[in-house]
Every structure is written in structure tokens, then in C-alpha cells.
Amino acid sequence: MAQLLSPRLLRRGLEVFAAISAVGFVGLLFYGNNFQQFLGTMGSLHWGWVLAGVALASMDWFGAGLRIWILARHLDPKAPFKGSIMAGGLCSWASSLTPLQTGGGPMIVLTLRRYGTPVSHGVIVTFMSFVATVVFFAVAGPTAVFLGAGKALQQHGILERSVTLFDMFNLSLSVFVGVGILMFAAFFFPGLARRVAQGATRWFETHGSPRLARAAVIAREGVDRAHDGMNEFMKARGWLALGMSVLVSGPSHANKLLAGYFVLRMLGIHANFVDVLLLQTFITFLLYFAPTPGGAGLAEIISVAVMSIYVPRALTPSYILLWRIVVSYLTVGFGSYVFWRFLKMAEGRDDAPLEEQTVPI
């Protein structure tokens, strides 16, 4: 875990994220083909919505932190609220600097540890946070579709209109629904889920390459921790905490889900709120396991393609820049300041454990 989140690796991730983002933005300026209009647009924004967008960006910290605090408090009533807020924000920050968002979970564990939460509790909180995310999207998405949301998207097609954006939304949603069903099955039959997962990892351990065998051992340990986590939340209070964390997943992901609508209003573009919300959810699904840090490059391409039904070509550079500021850039900038401030404060602590020296948060 320490090696995964070493300052050197995170710094490299920040450099890659910044480089790809810069190249992508320059490409968008050529795509918009009207630099004067870009400057004029950025100078005539609706500043009330700009301030609202800045407040929305803070939900990476406060929304995610509140969910972590609810889960951590179930394991320890004295779980620190400040530490949970820091864990939420730095989780989003580390996720943006590592491929497939792999840095987010370990950052939660290490941040909570810094504020006095045992590593074992931090691992359980991280796993249950992921469960809450999957359940939230698996329930909220079908509910929105059932209530008739997004019907207007059916007229906007791709692939020569043979497939609509609404079809693509339903297809991506089915992945989260499938994972959600597996999660519920694991909760109701934790022993069976543990045996199946351990059997799969043992097969890789005995039939795979040495590298796969080592990965299988790590996976088996993760299965054991996940099983312990599920047992902690199988009681009435645990179900209540999990239910609250699912509800709080709305504010926790508000930054990503609402940014598109807020940016459209910054630019003076009016659009159906629910339809834009579904499109942003669709983009979130596609980028959830993006291979580049923060989905850099892919985020710009996907957002341009999907939001082109609302954003004119000349306004695309302004839209993407503002959207990335709200979704990523503010969190990455502030998170980098916080992390390296902690790093500087920890210099010279020779008596600190190796892991804490590597990521002193």
C-alpha cells in the first residue's frame, strides 16, 4: 500500500494528468476553431453559476467525507469527522492521479489511519464505500428510467441513429445493476460468496504464472477482509449505516453528476435538467474504470461526443475547460496542496513507521 501511494508515483500521476489534459485542451481549441469566441465566452460567463460550480466541486470532500464518516462511525463511534472529510477529498484526489482510480481506496485507509482509525477498519470502510456506490447507481438509475426520465434522449442517436443515447445509457447502467445484484447476493450469502471467491483465487494461485499466483494471494487476503466487513454490517445498525451511506452517495457523487448542467448554465445554455443528469451519469459510468489518470483524454473525447447535442462546436473548448475545472481540476489542485503540505510537515520524523513516512497524511 505504501509503494502504491508513494509521493513519487503520485507526482508522476499528476504530471501525466496535467500533460494529457493540456494536450487535449489545445486540441479542443483547434476543434472549436474560434479562439476569439473562446476568449469572449470566458469573459461573459454567468458568475452566479460559476460560484455554484466551485461549491459543487467541494462535494468531493464534504459529500464523500460524510459517507466515510457514517460507515466509520458504525465501527467506531469516536471516528473523527475531520479525518473522514480529509479521507473523502484525498480519495478523490488520489483516484484522479492513478489509473483505474486504484489510489482512492488505499488513500482512504491511510488518511483514516493518520486520524486514529485502525487499518482494519479503514479497509472495511473502503469496501463498504464501494458497495454504497454500486448500490446507489444500481437503484437510482432504473428508478429514473422507470419514472420516464430521459425519454427526450431517444431522439438523439449515434451510429447513424440506429442506437440512441438512451440505449447506451441503459446498456452502461446494466453493468452497475449486474454488479449490484452480485453485491446483494454476497450480503445475503456471505459464506458462499467467500468460498466461491477463495476457490477462484486458489485456482489462479495453482494454475497461473508466478505473478498471477502472487496476485491471487493478495486477492485472497482481500476476500477475507471483505467477508469480515460484510459481517460487521449484517446487524440492524449495520444495515442502517449502509442505507444512509447509499443515500449520501447522491451528494458524494454530486460533483460528477451535476457538473454538466451547472456548466451549461454558466454558458447561458438552457437544457432539460434530468436529461443532462442522465448523460452525466452515463459519462461517469464510462469513466469509472478509465485507464488514464483522472480519465484524462478519454473524459474530453467522451464528453465532447455526448454533450454535442447541447453544446455548439464553437463553445466546446469553454464547456470542456469549465467542466473539467468543476469535476477534476479544483480537487486535484487543492488535494495536491494538502498532500504535499502534510508531506513537508512530516519531513524529519525518523521515528515514524515506513508506511507513514511514505504517505504521511
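The values are calculated or read from the model by the stated rules, or taken from the named source; none is laboratory data. Remember, it's a predicted structure, so these values are computed and weren't measured experimentally. Cβ placement follows ideal geometry from the backbone for every residue including glycine, while neighbour counts extend to all protein chains displayed.
Quick rundown of the values:
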| read-out | value |
| --- | --- |
| L242 within 21 Å of the chain's Cα centre (by Cα), at pLDDT 75 or above, crowded, with 16+ Cβ neighbours inside 10 Å and under 25 Å from P106 (Cβ atoms) | yes |
| Search result, residues across region 59-116 that are acidic (D, E) and more than 23 Å from G13 (Cβ to Cβ) | D76 |
| Test for L110: is it over 14 Å from the mean Cα position of the chain (by Cα), closer than 28 Å to V16 by Cβ and of a type outside the set (D, E, K, R) | yes |
| Those helices (runs of 4 or more DSSP H) lying entirely in region 1-96 with at least 2 residues crowded, with 16+ Cβ neighbours inside 10 Å and modelled with pLDDT of 95 or more | 47-57, 59-75, 81-96 |
| Residue within region 299-321 that is under 18 Å from T143 (Cα atoms), within 19 Å of the chain's Cα centre (by Cα) and in contact (Cβ under 8 Å) with a residue 60 or more places away in the chain present | no |
| Output for region 16-43, where each listed residue is touching a helix residue (DSSP H, G or I) at 6+ places or on another chain (Cβ under 9 Å) and under 15 Å from L97 (Cβ atoms) | V16, F17, A18, I20, S21 |
